[in-house]
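Chemist: Shown below is the structure under consideration.
Values quoted throughout were computed directly from the atomic coordinates according to the rules given, and no laboratory measurement underlies them. For clarity, every value in this text was computed on a predicted model and none was experimentally measured. In this analysis, Cβ positions are derived from the backbone assuming ideal geometry, glycine residues included, and neighbour counts consider all displayed protein chains.
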Amino acid sequence: MTTRKSYDRVTREDLVLFINACFVCTGQKEFYGDSIGQNVSIAFLHEYVLGNYRSLYAHALASGINHFNQSLIIVNLLATGKQATSEQRTEEGKLIATALRKLPPQRALATLQRLVKRRVNNRRTRATIRDYLSSRKDPNFDAIKYRKRVREVVRHSHLKITDERGTLFFTKLNKVKQFQVPLFESFRQAHYAQEAIYRLPFTVAEGFAKKHKIPRDRFLKKIEPKMTMQEKLRLQSSAAKSGKSVPEIDLAQVSITRLCLYLLSLKHSEREEKRAKFMEAIEGSVTRTLNSSSKNLGRVATVLDRSYSSSGSSEKQRRPLALAWACGRLLQSMAAEYQAFWTLPVEDELMLSAKGQTDLATAMLAALKWKPDLVVIVSDGYENDPPGALSELLRVYWEKLDPKQETTVIHVNPVFNAENYIPHTVSPLVNTVGIRDAEDLVTMLEFARFAEGSTPLSELEDYLSARVRSFLKSTQRS
Amino acid sequence: MKSTIEKIDLTGLTLAPAQVWGSVRLVPLIRDNAPGDLRIAPRKYSEDQMIVSLERGLVDKGLKYSSYVPHGLIMNWNTDGRPVATFKTQIAKQEGKCFEFEGCSMRVTQRMIKREAKNRLRLLPMHVAMEGFLQLHFGGPDIAWSEYSREALALGLSPRIEESLRGQWVPGLETALRVFEIHENQVGMLVFVSDELASAFVVSHPDDYRELHRTLLEDFYGETLFYYGLYGSAPEWIEEIDGEKVNSLSDLSQAVASMRGKFSQLQSQMADKLFGRELDIKNLYNFSRFSIHHFCTNLDPASENHIGEVILRDDGTVEYMKTYRLSAAQTRRAYLLSQLAANQWNITQAAASLNQTYNELILRIKNAGFGYLLKDHVIKDAIKKAR
């Protein structure tokens, strides 16, 4: 009986660790660690969980983890199909198909490409590729926009293509007189005629614009209708910097994390200039995010870290800071009463910047004085002024001042610590959960109770199964 | 130059809790209300080598100091105590002369501390202290004892050479400085490697510190610290709060404040081999209300020893400071020289005072790298007898 119990405990701990890591790690460079360390660490975790808890590993796909880790799971599952039982395989198949469909197409295709690179070409892989490609709404568009990716995947899986895509992929273009599909024909013409490139997707047209030596300014103006929202957002600052016309976008449609990242990338003078517009966009984005899962959390305080380390790394510039801001804004809308406490007091959130040391204790004391029901800490967890103060403070607070633990504290960490396979925690008494996008905050707050360690394994399994059921039901990309 | 025995302490500076990365512990020094009448800015030198003419003209014969000098410091001050603009906002002309010699670029400049204008001074950081260290008993034997070579009697210790390592080579220091979160009002830093004080660095104004933070990496460090750096990690200290005494939130914030105080106390204890210890201080230069000194601890081979340079305000406040931890071998060499000098360079007498035989002392001088002071046959005889 005890062995059963300890087996359950180990399983639960491993699984919580794994899912936590999968929420936050993207294998990119962090402020405190390089990308090699991050990749080695997360790859090991995947292998370990796959080897020991295969079906739970597959279920993790549905738990809302980030795209990078979903992609890794899909590849790992398909590469090791031999080790699965037939029931496992059926379930995995469904999960993989749904997950792929929910991923943005460039990431789904990159996942399939990873299979090509690892030379995984079993029957299940070929079927997955076939089903994914046939599930796409506009295969002709994909064939142009993601031409190299689709072509590589098709060639790898020996997929029989009977329509004109086959000609597009595998015939030299100068041998083709004319395509029947208008988009393909535009693609062919774009090699010779400038006008044709404006009928192509932005990323494809960009290459042709260079080939035809079209001035960037003129190109951007004419291609604007073909640009996606993300592409427009990406171009905002670079276009403004070079003094060229900036494509108009509705910032309220941008997700809150991306919006905060974008705003933090702007100079203070620019932020001041369009203050009203930006504030409105933040409001809009928050309301849009919370529409589906609005929740009343009561009296909420946040302890937000804006220390120098929240400036992130060259690959994740200012991400921890943006997440702190975004999480704060989301919680503000979810709470009946709300108050934010920054590590270095902020007068105007729009003028936010990463500086100073990580003094969580002072902010936490101020937060506790305000008597909240829930305190959410958003920090990378490297507390240094003084180290360990927050942990001691909370221990004594709960021991002496709040023995019934009426105040709950949750630590949300945007940074994965490669050495410990887990986001750095500020205190053993606080549940730490990793986060990559502020939009996952609701999921993470739900998940936080498992991080604590008192909930039994069966409950975690039930939670995951419920997520799996709802995941499979909603096949549409959210 | 008058030499006095004094103590230097960090009055007016608060020690904030350290930030640890690997084996490197960085302790920030905070100064509230810096007056801003002395500002320090870096000046980059891109040459591979710098030759500092210590005597006479720029390219005349005379005593020279040569080293790799990546940056100098420019001091600006106001005599009436009002804040002053940093040097970077002012216009400067080129310093010294630059040469290109067999693919190696070289700058020749004058003096360690050079007045460039009425209220501007150029100082070569760390090199002021190192020059003082190299000049210890630099004159060599003043009585022509028969053991010493002709060169030693004519030229003294010249050329006197010491080696040290760049900050980049101290394991973990680069990352530690990168991830360090600078405090508001921070004006300095104590650098510990494996909990041994490697260097203390203080400037006058917080803005200058921000500018100079990265130059800690360009400074040089004793070779011992390289090996200490390999030892892995310095432990994180955790201070506990006594729960018994806490009855309200204000008690709790009191407890956190006292926790900070304890860190400050512990850390200053770690640096007591430098601060609060009697130092041999030499005044080098005076300007306005400030004076530049270099100093050296008592060179006891059994203890850790530091050399350094410091600018003091007339009330004794440390306005600038940079120290260098001597490696054990460097300490031994300096100790040996001081013992020889104390015995008027008489080897027999020095050997007696060091509890050694004559022969052993000859070999010790040779092993310490001062063989060039002695005649060849004296060393050969000593080696033969030792067999």
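Chemist: So, in nm, how far is label A:N39 from label A:D138 when the simple model puts each one 7 Å beyond its Cα toward the Cβ?
Modeler: 3.4 nm
Chemist: Oh, and also: Once you have the Cα-Cα distance between B:Y358 and B:V59, take 0.36 nm times their residue separation minus that, and quote the gain in nm to one decimal.
Modeler: 103.4 nm
Chemist: May I have the extent of the alpha carbons of the range A:403-458 along their three principal axes, as whole Å values ordered from largest to smallest?
Modeler: Reported extents, whole Å, longest axis first: 33, 26, 26.
Chemist: Moving on to the next point. Are there trypsin sites (Lys or Arg not before Pro) in the range A:173-242 that DSSP puts in a loop and that have at most 16 other Cβ atoms within 10 Å, and which ones?
Modeler: Answer in residue order: A:K177, A:K213.
Chemist: Are there any helices in chain B, counted as whole DSSP H runs, that stretch 20 Å or more along their axis by Cα and score at least -1.0 on average by Kyte-Doolittle, and if so which?
Modeler: Helices passing the filter in chain B: B:249-270, B:328-342.
Chemist: Rounded to the nearest 0.05, what FRET efficiency do B:K384 and B:S303 have when you use their Cβ-Cβ distance and R0 = 45 Å?
Modeler: That gives a FRET efficiency of 0.80.
Chemist: Rounded to two decimal places and with Rh computed the Kirkwood way over Cα pairs, what is Rg over Rh for the range A:297-473?
Modeler: Taking Rh as the inverse mean 1/r over Cα pairs, Rg/Rh reads 0.96.
Chemist: Enter the angle in degrees (range 0 to 90, nearest 10) between the Cα long axis of helix A:147-156 and the first principal axis of the Cα atoms of chain A, meaning the one along which they spread out most.
Modeler: 90 degrees
Chemist: Using the per-residue mean of other Cβ atoms lying within 10 Å as a proxy for protection, in what order, highest first, do the peptides B:52-58, B:334-340 fall?
Modeler: Answer by packing, highest mean first, reads B:334-340, B:52-58.
Chemist: Count, for each residue of A:262-271, the Cβ atoms from other chains sitting within 10 Å of its Cβ, then give me the mean as a whole number.
Modeler: For peptide A:262-271, the averaged partner shielding equals 0.
Chemist: Enumerate the lysines that B:K385 could reach by cross-link, defined here as Cα to Cα under 30 Å, with residues fewer than 8 away along the same chain left out.
Modeler: By straight Cα distance, B:K385 reaches B:K366, B:K375.
Chemist: Express in % the proportion of alpha carbon pairs of the range A:167-223 at distances exceeding 17 Å.
Modeler: Counting pairs separated by more than 17 Å, the tail of P(r) holds 35 percent.
Chemist: Counting every Cα pair in chain B, what percent are over 31 Å apart?
Modeler: Everything past 31 Å amounts to 43 percent.
Chemist: Reachable aspartates and glutamates from A:K222, Cα under 17 Å, same-chain residues fewer than 8 places away excluded?
Modeler: A:E195, A:E206, A:E231, A:E248
Chemist: Let me ask something else about it. Residue by residue through B:249-256, how many Cβ atoms from other chains fall within 10 Å of the Cβ on average?
Modeler: Across the residues of B:249-256, the mean count of other-chain Cβ atoms within 10 Å is 6.
Chemist: Oh, and also: What shape does the range B:161-271 take by its C-alpha gyration tensor, where a ≥ b ≥ c are the square roots of the eigenvalues and a/c under 1.5 counts as rounded, a/b above b/c as prolate, and the rest as oblate?
Modeler: prolate
Chemist: Right, here's the next one. Would you mind calculating the gained length between B:E236 and B:T175 on full extension (0.36 nm times residue separation, minus the Cα-Cα distance), in nm to one decimal?
Modeler: Taking B:E236 through B:T175 to full extension adds about 20.3 nm, to one decimal.
Chemist: Restricting the count to DSSP beta bridges whose residues both fall in the protein assembly as shown, what percent are antiparallel, rounded to a multiple of 5?
Modeler: Around 75 percent antiparallel, to the nearest 5.
Chemist: So for the pair B:K375, A:E399, with labels modelled 7 Å out along Cα→Cβ, what separation do we get in nm?
Modeler: Each label point lies 7 Å from its Cα, and together they span 7.6 nm.
Chemist: With the cut-off at 27 Å, report for chain A the share of all Cα pairs above it, as a whole percent.
Modeler: Roughly 61 percent, rounded to a whole number.
Chemist: OK, next. Which lysines have a Cα less than 26 Å from the Cα of A:K267, not counting those fewer than 8 places away in the same chain?
Modeler: Within reach: A:K29, A:K221, A:K232, A:K241, A:K244, A:K277, A:K316, A:K355, B:K88.
Chemist: Additional query: Cα-based Rg of the range A:352-430 per 2.2 N^0.38 Å, rounded to two decimals?
Modeler: 1.11
Chemist: Equivalent-ellipsoid semi-axes (√(5λ), Cα gyration tensor) for the range A:231-390, whole Å, largest first?
Modeler: 28, 20, 12
Chemist: When 1/r is averaged over all different Cα pairs and the result inverted, which Kirkwood radius in Å belongs to the protein assembly as shown?
Modeler: For the protein assembly as shown, inverting the mean 1/r across all distinct Cα pairs yields 32.2 Å.
Chemist: Need one value for A:24-35: mean number of C-beta atoms belonging to other chains within 10 Å of its residues' C-beta atoms.
Modeler: Per-residue shielding by partner chains comes out at 1.
Chemist: Could I have the simple spin-label model distance between B:A368 and B:R289, label points 7 Å from Cα toward Cβ, reported in nm to one decimal?
Modeler: 4.3 nm
Chemist: May I ask for the equivalent-ellipsoid semi-axes of the range B:14-107, computed as the square root of five times each C-alpha gyration tensor eigenvalue and listed largest first in whole Å?
Modeler: Semi-axes, largest first: 33, 22, 13 Å.
Chemist: Turning to a different aspect of this structure: What translational diffusion coefficient, to the nearest whole µm²/s, does the range A:2-173 have by Stokes-Einstein, given a Kirkwood radius computed over alpha-carbon pairs, a temperature of 4 °C and 1.567 mPa s viscosity?
Modeler: This corresponds to a translational diffusion coefficient of 75 µm²/s.
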